[in-house]
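Have a look at the structure below before the remarks.
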Amino acid sequence: MTNKEKLFTEFQAPTTQEWLDKIEVDLKGADFQKRLVWRTNEGFNVQPFYRREDLKDLKAVDSLPGEFPYVRGNKTDNNLWFVRQDIVADDAKAANAKALDILNKGVDSLGFRIQGKDVSKQFIETLLDGIMPQYVELNFQTCQRHCVELATILVDYFKQKQYPLAELKGSINFDPISKVLQKGKDTSAVLAEAKPLIEALKELPGYRCINVNSVSLNNAGAYIYQELGYALAWGAEYLNILTEAGVSACEAAKRIKFNMGVSENYFMEIAKFRAARMLWAQIVRQFVGDEALHCTCSQMHVCAYTSEYNQTLFDSYVNLLRSQTETMSAALANVDSIVVTPFDKPYEQPTEFAERIARNQQLLLKEEAHFDKLVDVAGGSYTIEHLTDALAQEGWKLFLAVEEAGGFLAEALKGNITNAVNASNDKRHAAAATRREFILGTNQFPNFTEKSEGKQPVGQVCCCTTATNETSNLPCLNQQRLASEFETLRLATEKAQKQPVAFMLTIGNLAMRQARAQFSCNFLAAAGYKVMDNLGFKTVEEGVDAALEAKADIVVICSSDDEYAEYAVPAFQYLNGRAMFVVAGAPACMDDLKAAGIENFIHVKSNQLETLRAYNQKLGI
């Protein structure tokens with residue numbers, strides 16, 4: 001007989017107000033809103049805790065996995081996703097050999113990047129030789145004007161090989177609007193090939209060919225709600241274009257694929273994919289009608305790419321930590337396939353080792369963490385349910401604003417989408433410069449002794465070599481990584497004739513001098529300076545002499561605010577211009593110190609990037 005006794009019934013459940021009262025006591029007078037409420041970049045606040053009562057008005061909470069509006073995923077009995085790896089197929093035979101090799105190492109989805117000039121029957125036959133498409137998802141990217149040709153060749157090849165066409169799964173990445181954003185070119189004329197492309201693939205119902213590449217927005221620093229709202233508007237634009245061209249709404253929706261980015265904001269990214277599925281289902285329903293409630297056409301198909309925007313050249317193994325949490329977010333959010341960006345991509349063509357690690361990051365989640373066995377792990381989490389709803393509201397507002405302005409294509413051709421995302425990128429770079437947005441290993445806790453060892457940032461390369469006549473007077477997405485300016489600074493320091501030495505003149509209050517020395521070391525090491533911490537000096541003269549003996553270029557006095565009035569000016573005068581003098585902190589006596597000739601102060605409100613640039617200039621770097 002089943003025991004249905006509820007546990008802990010003898011305890012009275014505390015109310016929300018009782019929780020708040022307890023928190024207020026523990027804060028000891030500190031401001032609740034400032035200390036515990038998270039003010040997101042997405043336009044809403046996140047409370048420190050949520051309870052069941054916070055979800056009482058959320059309708060999607062009651063739906064099940066596999067049910068409209070698919071907030072809980074498209075799958076009902078597992079969470080299997082495709083482990084995808086992309087291959088640059090400049091040489092068909094070499095790409096084929098690589099594909100066959102990685103298929104034996106855990107990959108079950110291949111992405112081939114083919115130059116437009118190479119699209120031919122012979123090239124495809126060589127490329128796919130020995131690959132069984134009924135067991136592997138195949139994805140292709142080529143010049144937009146060659147997509148229909150590629151589709152025709154693929155269908156003929158699969159028919160010739162007598163593969164079960166209805167069982168094959170894959171995609172062709174046709175997305176002319178992406179070029180408007182990334183290259184600033186009006187490629188809207190190419191949209192006329194969308195309907196012929198769908199018709200060319202009519203015998204491959206499992207192939208999606210109209211793509212929404214919002215991953216480009218993610219890699220350009222877009223906020224999460226921006227990628228969500230713009231992706232929805234982007235997809236709706238394609239639905240409009242296709243239905244106006246005579247494609248049925250249901251067929252059009254089944255052919256659309258979303259390639260989305262996933263950043264390090266763990267819970268928010270889980271919520272983004274859940275909100276995206278929910279909102280996309282509602283959009284498709286407006287085109288299809290109530291048939292969408294029971295038809296798979298309203299299911300959003302998502303391939304998630306871990307972000308390149310937050311990857312770093314220095315301390316690059318931290319990229320593994322970033323991409324691992326990003327992969328977890330995507331997997332727990334029930335996406336259909338995942339591409340893990342290799343950790344070394346910012347500075348080189350990914351090595352075989354880096355690609356192996358990227359594959360294994362997904363395999364670890366499948367085979368050791370069993371993420372593929374559980375459906376909708378996030379369901380029931382009050383916080384994630386709230387984030388899903390809040391993100392959906394903000395994303396929907398942006399979607400409606402784009403629609404009211406004339407639609408995604410019109411806004412893209414005006415440059416408004418690009419400008420909005422670039423503005424967000426600028427804000428994030430400004431936040432990184434002032435350390436309001438941390439980049440571990442770059443502007444926060446850099447590796448003091450690391451050298452670049454010849455690493456140089458790698459730029460973006462387009463696979464399409466076909467000449468075009470499109471105008472190019474539109475703004476382009478700025479895909480400058482968040483750490484790029486710090487990396488430029490540090491690389492410049494490395495090229496200097498002498499590595500600058502920053503010496504910590506620690507004196508006075510033990511706790512304050514240690515804290516400020518640690519802060520200053522992290523602050524200055526971000527520029528590649530050699531930092532020298534010390535246990536403390538009895539007099540400022542002793543400290544300055546030790547600094548000069550160490551051939552210091554910068555002397556940073558580290559003490560308490562009260563003691564700066566006693567130590568700072570004598571230290572500055574004794575140094576007498578033989579090295580740059582810096583005060584660690586923003587003491588109340590700052591004006592008096594400035595009056596004495598002290599110019600340099602570093603503290604938590606400093607613009608780290610601009611400060612270090614100024615120091616490099618003073619040092620002749």
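Report the one residue of 571, 543, 486 whose Cα lies farthest in the direction of the positive end of the charge dipole of the range 480-621 (charges on C-beta: Lys and Arg +1, Asp and Glu -1; origin at the Cα centre). The listed residue farthest towards the positive side: 486. Estimated at 0.36 nm per residue, the fully extended path between residue 56 and residue 134 surpasses their Cα-Cα distance by 23.6 nm.
Taking the Cα centre of the range 1-138 as origin and assigning +1 to Lys and Arg Cβ atoms and -1 to Asp and Glu Cβ atoms, the resulting dipole is close to 120 debye. Solvent-accessible area assigned to carbon and sulfur over the range 2-55 amounts to 51 percent, based on a 1.4 Å probe.
Modelled label positions at residue 404 and residue 562, each set 7 Å beyond Cα in the direction of Cβ, lie 5.7 nm from each other. Put the Cα centre of the range 129-151 next to the Cα centre of the range 341-401 and the gap is 25 Å.
Bridging of residue 22 to lysines at a Cα separation below 21 Å is possible for 34, once same-chain residues fewer than 8 apart are set aside. Between residue 618 and residue 31, the modelled label-to-label distance comes to 3.3 nm, taking each label 7 Å out from Cα in the direction of the beta carbon. For the range 332-397, the relative contact order is 31 percent, taking Cα pairs closer than 8 Å that sit 6 or more residues apart in sequence and dividing their mean separation by the residue count.
Each stretch of four or more DSSP H residues adds -39500 (n - 2.57); spread over every residue of the chain, this sum gives -13500 deg cm²/dmol at 222 nm. Only lysine pairs 8 or more places apart, or on different chains, with alpha-carbon atoms under 24 angstrom apart are counted in the range 463-621, and they number 15. In a DSSP loop and with at most 14 other Cβ atoms within 10 Å, there are no GluC sites (Glu not before Pro) in the range 476-514. Model label points for residue 122 and residue 607, set 7 angstrom from Cα along the Cα-to-Cβ axis, are 5.9 nm apart. Which of 169/366; 117/257; 117/427; 105/169 have a Cα-Cα distance over 28 Å? Violating the 28 Å Cα-Cα cut-off are 117/427.
For the peptides 589-595, 402-408, residues were scored by their other Cβ atoms within 10 Å and the scores averaged per peptide; the highest-first order is 402-408, 589-595. Annotation: extensible slack from residue 203 through residue 363 equals 54.4 nm (criterion: 0.36 nm per residue apart, minus Cα-Cα distance).
Charges on Cβ only, +1 for Lys and Arg, -1 for Asp and Glu, centred on the Cα centroid of the chain; of 447, 620, 15, which one is farthest towards the dipole's positive end? Working it through, the farthest residue towards the positive pole turns out to be 620. Can you give me the accessible area per residue for the range 337-431, using a 1.4 Å probe, in Å²? Ligands and nucleic acids excluded, the result is 42 Å² per residue. Its relative contact order, with pairs defined as Cα atoms under 8 Å and 6+ residues apart, puts the chain at 14 percent. A Förster radius of 45 Å combined with the Cβ-Cβ distance from residue 294 to residue 104 puts the calculated FRET efficiency at roughly 0.70. Considering only 265, 214, 424, the residue lying farthest towards the positive end of the dipole of the chain is 214, judged by Cα position with unit charges set on Cβ. Calculate, for residue 321 and residue 450, the FRET efficiency according to 1/(1 + (r/R0)^6) with r their C-beta to C-beta distance and R0 25 Å; round to the nearest 0.05. Taking R0 as 25 Å, the efficiency between residue 321 and residue 450 is 0.95. Classify the range 116-272 as rounded, prolate or oblate, taking a ≥ b ≥ c as the square roots of the eigenvalues of its Cα gyration tensor: rounded when a/c is under 1.5, otherwise prolate if a/b is larger than b/c and oblate if not. Prolate, because a/c is 1.5 or more and a/b exceeds b/c.
Sketch the reach of a paramagnetic label on residue 497 as a point 7 Å from Cα along Cα-to-Cβ, and name the residues of the range 526-540 whose backbone nitrogen lies under 19 Å away. It comes to 529-530, nothing else. Each peptide in 318-327, 258-267, 605-614 receives the mean, over its residues, of other Cβ atoms within 10 Å, and ordering these scores from highest gives 258-267, 318-327, 605-614. In the list [x] 86, 69, 51; [y] 85, 71, 48; [z] 92, 74, 62, the label attached to Cα extents along the principal axes in Å as derived from the coordinates here is [x].
For residue 98, a cut-off of 17 angstrom between C-alpha atoms picks up no lysines at all, skipping any fewer than 8 places away in its own chain.
For the range 570-621, the Cβ-based charge dipole about the Cα centre amounts to some 180 debye (Lys, Arg positive; Asp, Glu negative; other atoms uncharged). With Cα atoms defining each centre, the range 39-92 and the range 196-233 are spaced 17 Å apart in the structure. About its Cα centre, the chain has a charge dipole of approximately 680 debye under the convention of +1 per Lys or Arg Cβ and -1 per Asp or Glu Cβ, with nothing else charged.
The values are calculated or read from the model by the stated rules, or taken from the named source; none is laboratory data. Bear in mind that the values here come from a model prediction, so they are computed numbers and not experimental data. Here the Cβ is made from the backbone with ideal geometry for all residues, glycine too, and neighbour counts use every protein chain on show. Ligands, DNA and RNA are excluded from the accessible area calculation, which covers all protein heavy atoms including side chains. Shrake-Rupley method; radii C 1.70, N 1.55, O 1.52, S 1.80 Å.
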